[in-house]
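Asks: Handing you this structure, nothing more for now.
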Amino acid sequence: MDVKKVIKQWKSLATDVETVDNSVSGYDYSLTLEGAKLPELASFMLKQGFYLVDLMAVHVMPAIEVVYQFAHVETRCRVLARAAVVDNEIPTISDIYQGANWHERETRDFHGVVFTGHPNLEPLILAEEDVDLKPLLKDEKSLKDVAAIRRQPPEPKVAKPEVVKSQEQS
Amino acid sequence: MAEQKKSLLNVHSYSKECIERYDGALSQRTKTSDAEPLLQMKLSDTILNLCRANSLWPMTFGLACCAIEMMCCGMARFDMARYGAEVFRPSPRQSDLLIVAGTVNRKMAPAVVTLYEQMPAPRYVIALGNCAISGGPFAVEANYDVVLGVDQLIPVDIYVPGCPPRPEALIEGILQLQEKITGKRFPFPQNKMPEGR
């Protein structure tokens, strides 16, 4: 995997490419992109030897976000790709990664995100009569802003001056 | 000291209150299985019930963690074979006891009902664990998928509480079911302390 070339390609697809500390967050790169660019990114990732670990939705303030986790087969590289859902629709990647098929059905069950182009978007985990239940959507009270749930970079450690306690014994 | 500990040696289920409770409840109990038995011979009913009670064939049907305890019951340490209930059948058509071991959710509910309907009468149901009895830890406001008690779907004969119940509790449930079928607590030969001492 040619890292520089891959990052260059990511930058052409995503609006934001961020290098993250693996020991803190568990992944190496964080991409934020538009939903329309997803199939292009997925086919590029497949070509580079990444596999799809998981796919899920997060209900946050401006719009529902779908989060894709990729990992490389040969090297230790984990990538997190986030795409905001526009008008409750996002293109499917189940034609590129077949494993995404059930993940996308599950996400539709729980959050009601419609994956356009999906071959069979029937309920997978919930019962058939619960098509419009969307149980994991938050109510207004517990809905948070995107910025509030992002992992903040850890504050630089400042060496505190040691407080010398007076050891007076009377 | 010995006098103090003597009371601990009493087998609880044979204590005076317990026997009274059994006898009192027994007269109020009714058969819950809705379908009539295949064989209708009043004279031989007693014998048939005796045979049924001592050869219960449960169905291999586990839904959640309570199923682990159910499996454990069939193995050597707890050994349900002592009470004739070890022949787990893979088909509902061959079994007469449905042990609902675990959480029933709305996706699974039609399957549970179908399996119950496919069992030949007389059929018995044991609800094993808090989830099968009442929803257990899932009986909260945010719950959207768990059926709160399998008795909302099918008639239940014996409730075995616990989260999960110990295998001894399931065996006690089977003994109580035997008592329900025959009217007596079986098997007598295994009762080493009939007087409670």
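Asks: Whether any residue in the range B:85-99 is under 30 Å from residue B:184 (Cβ atoms), crowded, with 17+ Cβ neighbours inside 10 Å and modelled with pLDDT under 90 is what I want to check.
Replies: yes
Asks: While we're on this one: Can we say residue A:31 is surrounded by 19 or more Cβ atoms within 10 Å (Cβ to Cβ) and more than 24 Å from residue A:134 (Cβ to Cβ)?
Replies: Working: surrounded by 19 or more Cβ atoms within 10 Å (Cβ to Cβ): yes; more than 24 Å from residue A:134 (Cβ to Cβ): yes.
Answer is yes for this residue.
Asks: State the number of residues belonging to the range A:11-28 that are surrounded by 13 or more Cβ atoms within 10 Å (Cβ to Cβ) and over 23 Å from residue A:64 (Cβ atoms).
Replies: Adding up the residues that qualify gives 2.
Asks: Do we find that residue A:138 is within 14 Å of chain B (Cβ to nearest Cβ) and more than 26 Å from residue A:18 (Cβ to Cβ) in this structure?
Replies: Working: within 14 Å of chain B (Cβ to nearest Cβ): yes; more than 26 Å from residue A:18 (Cβ to Cβ): no.
No: the conditions fail for residue A:138.
Asks: Which residue out of A:62, A:39 is at pLDDT below 90 and either closer than 30 Å to residue A:132 by Cβ or part of a loop (DSSP other than H, G, I, E, B) (or both)?
Replies: Numbers: A:39 fails: at pLDDT below 90.
So the residue among A:62, A:39 that is at pLDDT below 90 and either closer than 30 Å to residue A:132 by Cβ or part of a loop (DSSP other than H, G, I, E, B) (or both) is A:62.
Asks: Just checking, does the range A:91-100 include any residue being within 14 Å of chain B (Cβ to nearest Cβ), within 30 Å of residue A:47 (Cβ to Cβ) and part of a helix (DSSP H, G or I)? First the steps, then the outcome.
Replies: First pass over the range A:91-100, keeping only residues within 14 Å of chain B (Cβ to nearest Cβ): none.
No, there is no match, as no residue in the range A:91-100 is within 14 Å of chain B (Cβ to nearest Cβ), within 30 Å of residue A:47 (Cβ to Cβ) and part of a helix (DSSP H, G or I).
Asks: What number of residues in the range B:108-143 are within 14 Å of chain A (Cβ to nearest Cβ), in contact (Cβ under 8 Å) with a residue 24 or more places away in the chain and surrounded by fewer than 16 Cβ atoms within 10 Å (Cβ to Cβ)?
Replies: Qualifying residue count for the region: 1.
Asks: Give just the number: which of (1) part of a loop (DSSP other than H, G, I, E, B); (2) away from chain B (no Cβ under 14 Å); (3) under 29 Å from residue B:145 (Cβ atoms); (4) modelled with pLDDT under 90 does residue A:151 not satisfy?
Replies: Going through the list (1) part of a loop (DSSP other than H, G, I, E, B); (2) away from chain B (no Cβ under 14 Å); (3) under 29 Å from residue B:145 (Cβ atoms); (4) modelled with pLDDT under 90, residue A:151 breaks only (3).
Asks: Something else about it: Residue A:113 versus (1) surrounded by 17 or more Cβ atoms within 10 Å (Cβ to Cβ); (2) within 13 Å of another protein chain (Cβ to nearest Cβ); (3) within 13 Å of residue A:58 (Cα to Cα): which is the lone unmet condition?
Replies: Result: residue A:113 passes all but (2).
Asks: Here is a follow-up. Test residue B:151 against the criterion of being assigned to a helix (DSSP H, G or I), in contact with a strand residue (DSSP E or B) (Cβ under 9 Å, 6 or more places away or on another chain), modelled with pLDDT under 90 and more than 14 Å from chain A (Cβ to nearest Cβ), and give yes or no.
Replies: Working: assigned to a helix (DSSP H, G or I): yes; in contact with a strand residue (DSSP E or B) (Cβ under 9 Å, 6 or more places away or on another chain): yes; modelled with pLDDT under 90: yes; more than 14 Å from chain A (Cβ to nearest Cβ): yes.
So residue B:151 passes the test.
The values are calculated or read from the model by the stated rules, or taken from the named source; none is laboratory data. All values reported here derive from a predicted model rather than from experimental measurement. Don't worry about glycine lacking a Cβ; one is built from the backbone with ideal geometry, like all the others, and counts go over all protein chains shown.
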